[in-house]
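Visitor: One structure follows; several queries about it will come next.
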Amino acid sequence: MQYHSPASFAEASQLAAAATGTTRFLAGGTDVLVQLRADIVTPDTLIDIKKIPGTRDITRNADGSWTLGVAVSGAEMGEHAALVADWPGVVEAMNLVGSTQVQGRATLTGNLCNGSPAADSVPAMVAAGVTATVTGPNGERKVPVGSIPTGPGRTSLAKGEVVSALHIPARGEHAGDAYLRFIPRSEMDIAVVGCAVNLRLDGDTISEARVSLGAVAPTVLLVEDAAAAIVGSTLDDAALDRLAAAASAACKPINDKRGTIEFRTQVAGVLARRVARIAYARAKGEIIKGHHG
Amino acid sequence: MSKIHVSTTVNGDAVEYLCDPRETLLDCLRDKLSLTGAKEGCGTGDCGACSVTLDGRLVCSCLVLGVEAEGKEIGTVEGIADGDVLHPLQQKFIDYAALQCGICTPGILVAAKALLEQNPDPTEEEVRFWLAGNLCRCTGYDKIIRAVMDTARDMREAV
Ligand SMILES: Cc1cc2nc3c(=O)[nH]c(=O)nc-3n(C[C@H](O)[C@H](O)[C@H](O)COP(=O)(O)OP(=O)(O)OC[C@H]3O[C@@H](n4cnc5c(N)ncnc54)[C@H](O)[C@@H]3O)c2cc1C
Ligand code: FES
Ligand code: FES
């Protein structure tokens, strides 16, 4: 295994483009090292992106949007009060990943590019409308994060492409987001279902919404029917019923030891209701702490 | 396989080692620096027996490569006591018999110390969540949690 620590994304991309065999990028290493040690994936080339300047920065841009370096850890996000205030759902989703020790290293970008259908931060990023800058041999492109995972362990990134930054939109007024997952234990487990909701209010009425589900299909889902079910409503009981039905209808889950198809399908609806209520309350200005808040 | 030269700081001391890029920081601490306090329970980030601090941040040393330690500050259980004087957490763990086989203990001490530095007055729930990545097969956790809570109180009263 060749270990590289390039000083720029252009160099990282060149190294990856020129590499033969299996290549991995090293962010927090909480997936890469587990796979290495379990002999699941032993990279021929490992490219550590953490020495590239700016990869640990959390920046609020002049227009209110956010740029996150690809080596920012979950713990650093949770300690950033202004980011938590703007995007509590994105932060609470990332903060659910692993233990305190895992939080010290794990990143949003690693969670995204590992390609697990159950990755906790990914539904929250999709609901928030997060985009990624991808640096490749032919320069940069910007894509919605939802287009990166294409199936378990697979991504749309081409050879030589590396994610070089994440962009969270400006929060704007009267808006809130939230994420919840179901796991059989209270900590240290993989989502059986994850659900994120991001919405905006006009008075008491929902004017915009995005609803995303994780762990119920080979990739994260953006469920437009579920968003349509609550837009124009005040999140009354009828709207919540429509939301739950639309969330359950979108599920194409697997049966495994942690949840049957029936269970996952039902829990998706239950979580969607709960998450929408939290996002709505946050959009109203209530401070609702995350699980680890 | 060519080895990489690493210069780092462990418990305040400058150290150097040569390592294969596949070796973990845990391997390097134990096998090259003879710091055997950090234990390998699982090697996959689940048990916390290998907990150390990396630039002040609690991590699993089994999930850090030895080469990543270049230029960093590492803290291990060997650096917790002040010479022959035990850290209050260490003393309290003895007083409470908060260990049996002791495999989990170095990791729990490093993790608990990191918690109290960040939050000197944690609730029981906060202590339990903070230590959720530190597994103990022997004690049933109760004595560990009480030892941490009691140390936090003593340390608050001492200042
Ligand atoms: C004990 C434990 C508990 C866990 N619990 C959870 C959990 O509850 N929920 C959950 O979702 N996950 C969990 N995980 C998995 C893991 O921690 C997360 O997926 C984490 O976010 C990965 O981030 P990382 O920075 O460590 O990624 P790394 O391991 O560094 O990288 C992961 C993948 O992303 C690729 N990659 C990294 N950076 C880039 C980049 N800039 N451009 C392109 N590709 C890149 C790598 O090549 C690799 O394939 C857990 C892991 C452990 C060990
Ligand atoms: S040995 Fe590192 S977490 Fe178990
Ligand atoms: S004392 Fe034996 S594992 Fe904790």
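Nothing in this text is a laboratory measurement; each read-out follows from the coordinates by a stated rule. Computed from a predicted model, the values in this text were never measured in an experiment. Ideal geometry is used to build each Cβ from the backbone, glycine not excepted, and the neighbour counts take in all protein chains shown.
Visitor: At A:A17 and A:T205, where each label point lies 7 Å from the Cα along Cα→Cβ, what is the point-to-point distance in nanometres?
Guide: 5.1
Visitor: Can you tell me which of A:A18, A:A93, A:A239 moves the most in a GNM of chain A? Springs connect C-alpha atoms under 10 Å apart.
Guide: A:A18
Visitor: OK, next. Using Cα pairs closer than 8 Å and at least 6 residues apart in sequence, work out the relative contact order for chain A, in percent.
Guide: Numbers: 700 pairs, mean separation 48.0, N = 293.
For chain A, the relative contact order is 16 percent.
Visitor: Taking the Cα centre of the range A:180-251 as origin, sum charge times position over the Cβ atoms of Lys and Arg (+1) and Asp and Glu (-1), and report the length of that vector in debye to the nearest 20. Numbers along the way, then the final one.
Guide: Details: 5 positive and 10 negative charges, 58 e Å.
Taking the Cα centre of the range A:180-251 as origin, the dipole is about 280 debye.
Visitor: Name the most mobile residue of A:T22, A:T234, A:T135, meaning the one with the largest mean-square fluctuation, in a Gaussian network model of chain A with Cα contacts below 10 Å.
Guide: With Cα springs under 10 Å in chain A, the top fluctuation among A:T22, A:T234, A:T135 is at A:T22.
Visitor: Let me ask something else. Helix by helix through chain A, keep the DSSP H runs that span 30 Å or more along the axis on Cα and average at least 0.5 on Kyte-Doolittle, and give those back in order.
Guide: none
Visitor: While we're looking at this one, here's another question. How crowded by other chains is B:21-29, given as the mean number of beta carbons from other chains within 10 Å of each beta carbon? Intermediate values should be presented prior to the final figure.
Guide: Numbers: counts 7, 8, 0, 4, 1, 0, 0, 0, 0.
Neighbouring Cβ atoms belonging to other protein chains average 2 per residue here.
Visitor: For chain A, set up a Gaussian network in which alpha carbons nearer than 10 Å are linked by springs, and say which option among A:V211, A:V143, A:V192 fluctuates the most.
Guide: Of the options given, A:V143 has the highest mean-square fluctuation.
Visitor: Would you mind pulling out the separation of the Cα centroids of the range B:40-84 and the range A:140-215, in Å?
Guide: Here the two parts' Cα centres lie 31 Å apart.
Visitor: Obtain the nm distance between the two label points defined at B:E70 and A:A238 by a simple spin-label model: each point lies 7 Å from its Cα along the Cα-to-C-beta direction.
Guide: Distance between the two pseudo-spin positions: 6.5 nm.
Visitor: Take the Cα atoms of the protein assembly as shown, build their convex hull, and give its volume per residue in Å³. Present the calculation step by step, with values, prior to reporting the outcome.
Guide: Values: hull volume 69.0 nm³, N = 452.
Considering the Cα atoms of the protein assembly as shown, their hull volume per residue is 153 Å³.
Visitor: May I ask which residue of A:T150, A:P169, B:G79 lies farthest towards the positive end of the charge dipole of the protein assembly as shown, with charges of +1 (Lys, Arg) and -1 (Asp, Glu) on Cβ and the Cα centre as origin?
Guide: Value: A:T150.
Visitor: Can you give the FRET efficiency to the nearest 0.05 for A:V231 and B:D142, using r as the Cβ-Cβ distance and R₀ = 56 Å?
Guide: 0.70
Visitor: Beyond a 29 Å Cα-Cα separation, which of these cross-linked pairs lie in this structure: A:K142/B:K3; B:K39/B:K113; A:K159/A:K257?
Guide: A:K142/B:K3; A:K159/A:K257
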